[in-house]
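Below is one structure, written out as structure tokens, with a few remarks after it.
The values are calculated or read from the model by the stated rules, or taken from the named source; none is laboratory data. Note that the coordinates shown come from a computational prediction; the quantities given were computed from them, not determined experimentally. With ligands, DNA and RNA removed, areas are computed over all heavy atoms of the protein, side chains included. Shrake-Rupley method; radii C 1.70, N 1.55, O 1.52, S 1.80 Å.
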Amino acid sequence: MIKVIGAGLPRTGTTSTKVALERLGFGPCYHMFEVMAHPEYAEHWLPAGSGSPMDWERTFEGYRSCVDWPASYFWRELAEAYPDAKVVLTVRDPAGWYASFHELMANGPDRTFQEHAHDASHRVLAAMERMRPLLHKIGQSIFGTEWHFGKGAPDERQAIAAYHRYVATVSKSLPPERLLVFDVRQGWGPLCAFLGADPPVDEPFPHLNDAESLRRTITTLLTQGRMPAPFDSGR
């Protein structure tokens, strides 16, 4: 049963939030990394790519929270499917977000696979290829029909305008008691207060949003078929 729905766009601290939610007892937390670690999960998302209804119970079986694409794109549907769940909209400085998103699009799984094709997990890449129609659909919905998944980031001005529209839409669509707009730089305080959880004692909030952490994680997933600690949800 999903208890926390992450509504933030990729590269808004979703990886840090995943680890934080799991530390607070809201794990395992579903992230795009989970699809890469469990390639069979790609099948669960095929209906969404073709516009068919999703079986959320099947998709999130065993998980208590979710962040990042593709789950975060369906925040509205998930909020309706799980009426008791709270929603966390992760945000960051728009310029910093664009730089990080641009890096993800330029140096994500496709490029990493080319560099490690001799030992990469073909099951992982096959799963990502099956996800491509859905990710393409998600990206065009947010950034416009001129954008194509796998062809780099959108124009900066266009992307940042889309970012602001997205944040505004989520913010005005949910009651304040159900939504937390959260910047991971705020640390444990706001997140724990919102979720009614005790902050860990003498433990810093995880900050895993840098480009090097992303690249290291993707490389491990592609070459070894697993997530490195501390990202591993234990599933």
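Observations on the model:
- Set of lysines near Lys151 by C-alpha distance (under 21 Å), chain-local residues within fewer than 8 positions excluded: Lys137
- For Thr145, solvent-accessible area (1.4 Å; no DNA, RNA or ligand), Å²: 110 Å²
- Reachable lysines, given that their alpha-carbon falls under 18 Å from the alpha-carbon of Lys86 and they are not under 8 places away in the same chain: Lys3, Lys18, Lys172
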